[in-house]
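Data block below; observations after.
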Amino acid sequence: MSTDLNVNFLGIRMKTPIIAASGTFGFGVEYKDYMDLSQIGAISCKGIAITPWDGNEGVRIAETSSGILNCIGLENPGTNVFKKRYLPELKKYDVPVICNIVGRNIEEYGMAAKALSVEGVDAFEVNISCPNVKCGGIAFGSDPHMAAEVTKAVKRNTDLPVIMKLSPNVTDIVSIARAVEDAGADAVSLINTLLGLAIDVKTRRPVLGNVTGGLSGPAIKPVALRMVWQVAHAVHIPVCGMGGIMTGTDAVEFMMAGADTVQVGTASLASPYAIPKITDELRMWCEKNNISDVNSIVDTLQVTEGYLCHLF
């Protein structure tokens, strides 16, 4: 039995439910020599701000026993360079482009959305893990009200679908998801990285130049699955799941937990061929299990009736 991997996510026709995650896939064109970009579900570009950001100084990546820590600092060339240098290249491929946008304040998020609402961009993914410089550095995604305000600012400045990318570094991710849904978000994606620390025991100093960094990779998968499952049952908008997806069966787990689409991040750093491999594994799993339409596995996790009430 052949399996149809096509999905319709926010009105965007995707050849597979697998999206190249923001950050680890650059602007997409960096991987053109390793795969046919037209066969990817979509590309979520590296985070883009209205003006260029330099990023953090010192060591930016540290490998862990089951993943990586990073403190890149969202280095990016800004919206103008993206539109002139990278977007024309991406438009050569038959692949949806999702612009991941960042900002230091609410106004900058809106400005980035407005500047990038151009032909060739299909949707926005809004990174609300950035520190708000006007509120003492607290991350936008850690407070439901601030998360909602960012959502509204982006929605005011674009007619494209808006996906709010949620941080796991919160007490209650469901409250954040509901807040952005109420503010008009078209979908949510989760999870972003977990905050972590690595220490050099010889120098007794942090390994990373920024002291702490975001943990990604297989180590965070159980946490990501739990949060995706919780959020998928708390909101009425589509969910994109991510966090340690390294194989096709990992993708299946996220979709069973309620994710309509999934993103692959750290795996692409381990191997530039990761996304084609995971896509093939997903297809083979579906065919082996007589699944004709990949969409049919979404939200099929079976749990004891009534158990969900204990999670909210």
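The values are calculated or read from the model by the stated rules, or taken from the named source; none is laboratory data. Just so it is clear, the model here is predicted, and its values are computed rather than measured. Cβ: placed from backbone, ideal geometry, glycine included. Neighbour counts: every protein chain shown. Calculation scope for accessible area: heavy atoms of the full protein, side chains included, ligands and nucleic acids excluded. Shrake-Rupley method; radii C 1.70, N 1.55, O 1.52, S 1.80 Å.
Of the trypsin sites (Lys or Arg not before Pro) found in segment 47-135, those in coil by DSSP whose Cβ has at most 12 other Cβ atoms within 10 Å are 92. When 204, 283 are compared by accessible surface with a 1.4 Å probe, the order from highest to lowest is 204, 283. Calculate log10 I(q)/I(0) of segment 168-312 for q = 0.15, 0.17 Å⁻¹, where I(q) comes from the Debye formula with a single equal point scatterer on each Cα and nothing for solvent. Here the Debye-derived log intensity ratios amount to -0.83, -1.00.
Placing +1 on the Cβ of every Lys and Arg and -1 on the Cβ of every Asp and Glu, with no other charges, gives segment 1-47 a dipole of roughly 140 debye about its Cα centre. Global dimensions of the chain from alpha-carbon coordinates: Rg and Dmax equal 18.4, 58 Å. Of all accessible surface on segment 171-312 at a 1.4 Å probe, what whole percent is carbon and sulfur? Whole-percent figure for carbon plus sulfur exposure: 53. If you take the square roots of the eigenvalues of the alpha-carbon gyration tensor of segment 112-192 and sort them as a ≥ b ≥ c, do you get rounded (a/c under 1.5), prolate (a/b over b/c) or oblate? Prolate shape, in that a/c is at least 1.5 and a/b is the bigger ratio. Think of the chain as having a plus end and a minus end, set by charges on the Cβ of Lys, Arg, Asp and Glu; of 232, 217, 254, 217 sits farthest toward the positive end of this dipole. Magnitude of the charge dipole for the chain, about its Cα centre and with charges confined to Cβ atoms of Lys, Arg (+1) and Asp, Glu (-1), is about 740 debye.
Considering only Cα-Cα distances, which of the following residue pairs are longer than 23 Å: 92/288; 114/152; 46/114; 15/46; 32/165? The pairs that break the limit, which is 23 Å between Cα atoms, are 92/288; 32/165. Result for the chain in a Gaussian network model with C-alpha springs under 10 Å: among 29, 239, 201, the largest mean-square fluctuation is at 201.
Of all stretches in the chain that contain no GluC sites (Glu not before Pro) in a DSSP loop with at most 14 other Cβ atoms within 10 Å, the longest one is 120-304.
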